[in-house]
Amino acid sequence: MRFLPQRRRFDDLNEQEILALAISSEEDDGRIYRSYAERLRADFPATAKIFDGMAQEEDTHRQWLIDLHRKRFGDVIPLIRREHVAGFYARRPVWLVGNLGIDTIRAEAAGMEEQAERFYIAAAKRTQDADTRRLLGDLAAAEAKHHRSAERLETEHLDEDSRDAEAASAHRQFILTWVQPGLAGLMDGSVSTLAPIFATAFATQNTWTTFLVGLAASVGAGISMGFTEAASDDGQLSGRGSPLKRGIAAGVMTTLGGLGHALPYLIPHFWTATITAFAVVFVELWAIAWIQNRYMETPFFRAAFQVVLGGALVFAAGVLIGSG
């Protein structure tokens, strides 16, 4: 029977392997920073320059390590990478971090620098050669100062206008990806389910049946809205962001909008449940108006008039149909 080889323990690496591991780690980090820069360049050009500068610093560190390896061990560098060493720090995939916000990417970079500092401190303790120990110690200090380097690069490349432009771009992307589809879902879930829920309530005066109809209508509407939003626009040309994120926002908020006035019908007493549902509907409609005013810059009273009037008409239709 054949077993997969186990990863090496860091304590078992010799000095040449430690240098090789440091070289490959610096190379990987430089590539990661360049990938961040490319992902951010279109929307956040100033921050992209910061990551370009950090990548250049990683290249300098790698060259120092290669020069030292050539001096001590020759030109042939052993192939050893992070994934070959047990317990060694890992990097999250660039595509995963890149799909998150700019603040998350910056936090990830800060974590990378902290991990690299710990590695160089541990590596310096493992070597007896004076030149190697000095270089590894210098690199540990350099990684510790990367926060300051990033601040220097940020000061150089991010003036007040750049910060304002990037903040505006990030806010706009948040609106397009999360708020806009979520608001559409909340409106659809809150308003479109009013008629079937209250029609069932007044037709049957059975709270459990009303709850089941409301649950089915809410979940069904959420699934439909989520798939529709995700399939309607891949975000490539419109710039509205990930269709998966938009689909989740629309689907979840649609479901919550409908469940808000369906859940009161878990109360066994019909009129208690119905009055509670009325109050929930009132809160839902005013919340929608507030979100429109807060994020979509719609005048509050105009938003309130549109939402409340539309909700009232759908609600009245449901009550009349159920009562008839």
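The values are calculated or read from the model by the stated rules, or taken from the named source; none is laboratory data. Because the structure is a prediction, the values reported are computed rather than measured. Note: ideal-geometry Cβ built from the backbone for every residue, glycine included; neighbour counts use all protein chains shown.
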Original post:
Gly226 versus (1) within 25 Å of Asn206 (Cβ to Cβ); (2) surrounded by 13 or more Cβ atoms within 10 Å (Cβ to Cβ); (3) not aromatic (Phe, Trp, Tyr): which is the lone unmet condition?
Top reply: (1)
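Can you find even one residue in segment 195-218 that is at pLDDT below 85 and either in contact with a strand residue (DSSP E or B) (Cβ under 9 Å, 6 or more places away or on another chain) or of a type in the set (Val, Ile, Thr) (or both)? So that I can check it myself, show each step before the final result.
We begin by selecting, within segment 195-218, every residue at pLDDT below 85; these are none.
No, the conditions are met nowhere in segment 195-218.
What are the residues in segment 30-54 that are of a type in the set (Asp, Glu) and either touching a residue at least 60 places away in the same chain (Cβ under 8 Å) or within 14 Å of Ala109 (Cα to Cα) (or both), if any? Reasoning before the result, please.
Initially, segment 30-54 is screened for residues of a type in the set (Asp, Glu), giving 38, 43, 52.
Within segment 30-54, Asp43, Asp52 qualify.
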Original post:
How many residues, within segment 219-238, are under 10 Å from Gly189 (Cβ atoms) and modelled with pLDDT under 85?
Top reply: 0
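Could you tell me whether Glu27 is among the charged types (D, E, K, R) and more than 20 Å from Glu108 (Cβ to Cβ)? Please lay out each step first, then the result.
Details: among the charged types (D, E, K, R): yes; more than 20 Å from Glu108 (Cβ to Cβ): no.
Spelling it out, it is not the case that Glu27 is among the charged types (D, E, K, R) and more than 20 Å from Glu108 (Cβ to Cβ).
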Original post:
Are there any helices (runs of 4 or more DSSP H) wholly within segment 118-184 with 1 or more residues that are surrounded by 13 or more Cβ atoms within 10 Å (Cβ to Cβ) and at pLDDT 90 or above, and if so which?
Top reply: 130-144
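Take Ile275 and tell me if it is assigned to a helix (DSSP H, G or I), closer than 23 Å to Trp178 by Cβ and without any contact (Cβ under 8 Å) to a residue 24 or more places away in the chain.
Numbers: assigned to a helix (DSSP H, G or I): yes; closer than 23 Å to Trp178 by Cβ: no; without any contact (Cβ under 8 Å) to a residue 24 or more places away in the chain: yes.
When the stated conditions are applied, Ile275 does not pass them.
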**OP:** Please give the number of the condition Tyr295 fails out of (1) surrounded by fewer than 18 Cβ atoms within 10 Å (Cβ to Cβ); (2) modelled with pLDDT of 85 or more; (3) aromatic (Phe, Trp, Tyr).
**Re:** (2)
Original post:
Within segment 40-56, can one find any residue that is crowded, with 23+ Cβ neighbours inside 10 Å, closer than 24 Å to Ala122 by Cα and among the polar types (S, T, N, Q)?
Top reply: no
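Test of understanding: among Thr210, Thr177, which residue is farther than 15 Å from Gly251 by Cα and hydroxyl-bearing (Ser, Thr, Tyr)?
Values: Thr177 fails: farther than 15 Å from Gly251 by Cα.
Checking each option against the conditions leaves just Thr210.
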